[in-house]
Amino acid sequence: MFHTSKPISTFFTPNMTAHLVGIGGVSMCPLAEVLQGMGLTVRGSDMSDSPAVAHLRSLGIQVTIGHSAQNLGDCDFVIRTAAAHNTNPEISGAITRGIPVYERAQAWGAIMQNYKNALCVSGTHGKTSTTSMCTHIFMAAEADPTVMIGGTLPLLHAGHRVGQGDTIILESCEYCNSFLSFCPTVAVILNIEADHLDFFKDLADIQNSFTKFANLVPEDGFVVVNADDAPTCAILPQLQGNILTFGLENPAHCTATNITYTNGMPSFDVMVHGNLYCHVALQVPGKHNILNALAAATAAYALGIAGSAVAKGLGDFIGAGRRFQRKGTFNGATVYDDYAHHPSELQALLTTVRTLPYKRVIVAFQPHTYTRTTALFAEFVEQLKIADVCILAEIYAARESNETGISSQDLCKQIPHSHYCPTLEAVTVALKDIAQAGDLILTVGAGDIFKAGEALLEVKTMEFFTTAPQDTGCTPEMEAFACLDALSIPYQRIEHPPAETMEVCAQISDKLNVRICKNLVLCNRQKTAFYLLCMPEDKPFFTKDLSAQIGSSRLSFAPADMLPELIGCTVGSASILGLLHDKACRVKLLLDEDTAKAEYFGCHPCNNHGSLRLKTADVLEKFLPHVGHGYTIVEL
């Protein structure tokens, strides 16, 4: 903060103008809305356009893209995001002109004094999920809360909301003692661990910060703490005010009983002071989420929320953005993203997914900051070994410079079944190469590792099937699929865009693990069709020589659109399945020697939007005799 003796609250009057540096940020955008609602003139700047900036402009808030001292105009005070240092031209310009500069935490701290209830959720891990759960509960209770979360909540389609109720709910971070500017009436401490050691000296220093935070609560407020977390329990004797505990292992005021699981999702009774408060069925997995739910339920109980609202709110919660967030599927593997960036968070995440019905757990992990990776190196190695495959992206620097020369390659040397990728593009390629049906792919970290998973999902995928497609509109082809099924001939089928280029054909071959045969239809003067299958290498041949081999009159190539006229086949049936199954036509299959010797071959059905992998013997010994067609092996 720029040197000023004035508390920021003195500027919260309708005749004042606030300038917000980094106004599009996750906690700055709702701050701008709240200040505008208090009657202030609000404007600001950001480095780039975003949905948040567009939203603010729709509210009549002026936002300038780019930072310049001229953006300050005639503002009365400045609020900055943590990323705006004194070297920022707007911050240095304000200091030069004597305009007071405040941190965003100071602004939120002053604002929450205007609310009857200020619920602040803190802890080394679980803040976003628990703050989101609290939001769901208070929305279910129709309390119309104001909310600020460090992630996107699907319920809000954002990470914040500005309500008209008497409750404000904020995710409260300990880094740089930020949460000591808050004024909580209910302070939640989920856990305390050694983290942010670029700022804190050690665990004791962190515990001291949490103690100060908890003691900000007034006499009639509540401090909600985790009875199962030893570092948190160690500070209990230093805490003032009303203490409410939650937990599963140790005695606590709020606990869970009758825990059961359905498809990995827990259900349980929430007991407070030995009495049933509500029954909860979560839609998010893991013991850590049971504890998060108990923390949210305890805070709600302290503020007089009915158990029915707690049950509904927690039951409707499906997760917050980047907190075990399902992103999609790739080649039969399910892709999730998670923000875990501390060894304890990794442990909670990976031990949870190990209980889910996936064949393999593939983790693409991006360590966050050099200091954290160095300080917790052994712990990261231990937890990442839980995964079946670990792909390590390079360390995300965030606010730091690499003074020790540490790299993700150092982790890779200690973790079996791990691979190092210097770029996110390399991570995407690695995931693409190893993904299999039934895998769980996790992109994990607090940086931009999620982009690797999103890029993976943008790769054109080919769905894999072992059953016939829905009606293709080609009767002979559908009859052929029915014939394969009736003869118990197994096949693998993929759907894909039209195979009009060699690149697409190569992708099809890779997917089916077989070379796709060339498909050539020829006919003679007697209108007998010959369906030639040969391996894809370009082997020149003369129809004269081929005619001699099979004892036929001169063959000529038959374009698909000419087949009805030439041999009387059904339009659209020109494929290994459709044409051979068309019993009205005189069709003979020709195979070159390589195709005949192969255990499997691949081919396109007639609609050219899918391909098949068939066992060669099944086609020659079962399918062809059944439909009454023969085959000849030829030399090309």
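Extension gain, H279-A69: 0.36 nm per intervening residue step, less the Cα-Cα distance, totals 70.1 nm.
Looking at segment 267-331, the accessible area is 36 square angstrom per residue; that uses a 1.4 Å probe and ignores ligands, DNA and RNA. Using the Cβ-Cβ distance between T355 and T10 with R0 set to 45 Å, the FRET efficiency from 1/(1 + (r/R0)^6) comes to roughly 0.25.
Projecting label points 7 angstrom from Cα along Cα→Cβ for N215 and I259 puts them 3.4 nm apart. On the beta carbon distance between I318 and A437, with R0 = 22 Å, the FRET formula returns roughly 0.35.
State the percentage of accessible surface on segment 263-373 attributable to carbon and sulfur atoms; use a 1.4 Å probe and exclude ligands, DNA and RNA. Solvent-exposed carbon and sulfur of segment 263-373 make up 51 percent of the total.
Exceedance of the 29 Å cut-off in Cα-Cα distance is limited, within the set K312/K451; K127/K312; K385/K432; K287/K413; K127/K451, to K312/K451; K287/K413.
Volume of the convex hull of segment 132-189 (Cα atoms only), normalised per residue: 91 Å³. Judged by the mean number of other Cβ atoms found within 10 Å, the most tightly packed of the peptides 355-366, 437-448, 292-303, 48-59 leads the ranking 292-303, 437-448, 355-366, 48-59. Shape annotation for segment 30-118: C-alpha extents along the principal axes are 38, 28, 23 Å, from largest to smallest. Taking every protein chain into account, the accessible area of segment 118-195 amounts to 26 square angstrom per residue (probe 1.4 Å). Element breakdown for segment 388-445 at a 1.4 angstrom probe: carbon and sulfur atoms account for 50% of the accessible area. As a calculated quantity, the FRET efficiency between A426 and T466 at R0 = 45 Å, using C-beta atoms, amounts to about 0.85. Solvent-accessible area of segment 88-175 (1.4 angstrom probe, protein heavy atoms only): carbon and sulfur portion equals 46 percent. Got a sec? Which residues in segment 106-149 would a label at F199 touch, if it sits 7 Å along Cα→Cβ and we count backbone N under 13 Å? Under 13 Å, as judged by backbone N against the label point of F199, lie 106, 123-124 of segment 106-149. Report the one residue of A187, T152, Q164 whose Cα lies farthest in the direction of the positive end of the charge dipole of segment 152-215 (charges on C-beta: Lys and Arg +1, Asp and Glu -1; origin at the Cα centre). Looking along the dipole axis, the top candidate is Q164. The mean accessible area for residues of segment 212-264, using a 1.4 Å probe and ignoring ligands and nucleic acids, is 52 Å² per residue. Within segment 44-61, find all residues whose amide N lies under 13 Å from a label point positioned 7 Å from the Cα of A83 along Cα-to-beta-carbon. From segment 44-61, the list is 45-53. Whole angstrom only: what separates the Cα centroid of segment 4-38 from the Cα centroid of segment 167-221? With segment 4-38 and segment 167-221 each reduced to a Cα centre, they are spaced 23 Å.
The values are calculated or read from the model by the stated rules, or taken from the named source; none is laboratory data. Remember, it's a predicted structure, so these values are computed and weren't measured experimentally. Every residue, glycine among them, receives a Cβ derived from its backbone with ideal geometry; neighbour counts consider all protein chains shown. SASA here: full protein model, heavy atoms, side chains in, ligands and nucleic acids out. Shrake-Rupley method; radii C 1.70, N 1.55, O 1.52, S 1.80 Å.
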